[in-house]
1. Please enumerate the residues belonging to the range 348-401 that are out of contact with any strand residue (DSSP E or B) (no Cβ under 8 Å at 6 or more places or on another chain) and within 10 Å of the ligand (Cβ to nearest atom).
2. Out of the range 145-159, which residues are within 21 Å of the chain's Cα centre (by Cα) and part of a loop (DSSP other than H, G, I, E, B)?
3. Answer yes or no: is there a residue in the range 309-319 that is away from the ligand (no atom under 15 Å from the Cβ) and over 19 Å from the mean Cα position of the chain (by Cα).
4. Output yes when any residue across the range 64-73 is closer than 20 Å to Arg27 by Cα and of a type in the set (A, V, I, L, M), and no when none is.
5. Just one of Asp289, Asp268, Asp252 is under 27 Å from Ala337 (Cα atoms), surrounded by fewer than 17 Cβ atoms within 10 Å (Cβ to Cβ), among the acidic types (Asp, Glu) and more than 20 Å from the chain's Cα centre (by Cα); which is it?
6. Restricting attention to strands (runs of 3 or more DSSP E) lying wholly within the range 160-273, give those where 1 or more residues are within 13 Å of the ligand (Cβ to nearest atom).
7. Taking into account only those residues within the range 381-403 that are of a type in the set (Lys, Arg) and surrounded by fewer than 17 Cβ atoms within 10 Å (Cβ to Cβ), which is farthest from the chain's Cα centre (by Cα)?
Amino acid sequence: MQTLKGKHIVLGITGGIAAYKSAFLLRLLIKAGAEVQVVITPNGKQFITPATLAALSGKPVVSEFFAANTGEWHSHVDLGLWSDLMVIAPATASSIGKMANGIADNMLITTYLSAKSHVMVAPAMDLDMWAHPSTQRNISSLIKDGVEIIQPASGELASHLSGKGRMEEPEEILRRVEKYFSRRESLTGKKILVTAGPTYEDIDPVRFIGNYSSGKMGFSIAEEAAERGAEVTLVTGPVALQTSHENITRIDVRSARQMLEAAKKAFDGCDAAILSAAVADYAPEERHDTKIKREKTDGLILKLVKNPDIAAHLGENKGSRVLVGFALETDNEHENAIEKMKRKSLDMIVLNSLKNPLAGFNKDTNQVCIIKFNGEEKEYPAKSKKEVAGDIIDELESLLRKE
Ligand code: PMT
């Protein structure tokens, strides 16, 4: 089946022995209907010839900034804009390092820096190079930059040593590419509300009660849903993050009450809501208009009042909409999460524990357990927040299909 019909893919090939497998990958992509432009580094050409790749792709291979015979300039910017997806396979430790640090000294890395599309990287190298702290640091930087890493497999390596470092097989890379494109349209026509970040409850013009939420989890969810075609309303507390996706309408709020009002309005037209905000449970009963002066008080007693529970409010009024909440727990995690899901009439709850050093506030990773109202439960390993967002949206989609 032509699962990739009409898709434009830039296939980047760097200088490693696994480059021979790229010919098989290229063939699979072409057979699936994709239009593929190969961009190869100078060292890549030592491992596989441009003639082979040009014959398989039906297009001249791009390698240098200028064509050797005509002197014509190859525009990395045009290529970056043309691509619906960029796949770099194999990616050597050196190319990964250049990508992580923006060292644009060849056509492939300049194309990567110009690419507006999603980028997948399939590393291939010796086990010690893969395990080296600098490679792992560069991989973490790429993950933070939103690059999808197709983890290398374990097995015999070109050095005849055995361990983790083999490029993933072309069939598996094709599966990831197909999954990416099928996900991209899976939420077209759906409207989704996402809450993110902390809320700030003002004490006076200079002080507030808040929490450590950075918004990373909620923004990743909003971006993932938008990338799959949903129209997303992102209601966020004060965070330092930016949004650029055209499908996201961002509403900035400060307090829990403001978040409730914005969420109520957006929820009306939505098919689903994912509530990842860390909403302050309490707010000062009174907000002072002027700064409370230290000299005028011996001590200070603040009377706090309960904030509205946004999740519970939407739960009471959800009708046929799907409602997903989060539970941030420190103890009795499962019991508390299930109790919250029931009390707030949620269809699904994402449990993350503050006990786990890879989960929670301001981390780039999270480790979650997704629990559904029907009792289904899935425990996931620690992943980047972007990947966790993918898992959450996969489960949301399964609930939307049941509607
Ligand atoms: O923003 P990051 O730095 O990336 O961190 C992500 C996160 C840790 C904030 C996120 O993963 C998370 O766990 N969010 C929920 C935090 C929370 O407030 O959990 P809770 O167990 O107190 O609340 C349960 C649910 O009710 C949540 O869906 C919450 O959004 C909602 N709630 C809570 C209180 C309230 N007054 N109104 C609500 O809607």
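Read the figures in this text as sums done on the coordinates, not as results from a lab. These numbers were taken from a predicted model, which means no experiment stands behind them. So basically every Cβ, Gly included, is an ideal-geometry build from the backbone, and we count neighbours across all protein chains shown.
1. Residues satisfying the conditions are Asn362, Lys363.
2. Passing the criteria: Asp145, Gly146, Val147, Ile150, Gln151, Pro152.
3. In the first step, residues of the range 309-319 are kept if they are away from the ligand (no atom under 15 Å from the Cβ); the result is 319.
Right, trim to over 19 Å from the mean Cα position of the chain (by Cα) and you get 319.
Yes: one or more hits.
4. No, the range 64-73 contains no residue that is closer than 20 Å to Arg27 by Cα and of a type in the set (A, V, I, L, M).
5. On the way: Asp289 fails: under 27 Å from Ala337 (Cα atoms); Asp252 fails: under 27 Å from Ala337 (Cα atoms).
Selected residue: Asp268, the only one of Asp289, Asp268, Asp252 that is under 27 Å from Ala337 (Cα atoms), surrounded by fewer than 17 Cβ atoms within 10 Å (Cβ to Cβ), among the acidic types (Asp, Glu) and more than 20 Å from the chain's Cα centre (by Cα).
6. Values: elements: 162-166, 191-196, 201-204, 207-209, 231-236, 248-252.
Passing ranges, in order: 191-196, 201-204, 207-209, 231-236.
7. Lys402
One line per residue, one yes/no per condition, for (1) within 30 Å of Leu400 (Cα to Cα); (2) free of Cβ contacts under 8 Å to residues at least 40 places away in the same chain:
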{"position": "Pro133", "(1), (2)": "no, yes"}
{"position": "Ile149", "(1), (2)": "yes, yes"}
{"position": "Pro170", "(1), (2)": "no, no"}
{"position": "Thr195", "(1), (2)": "yes, no"}
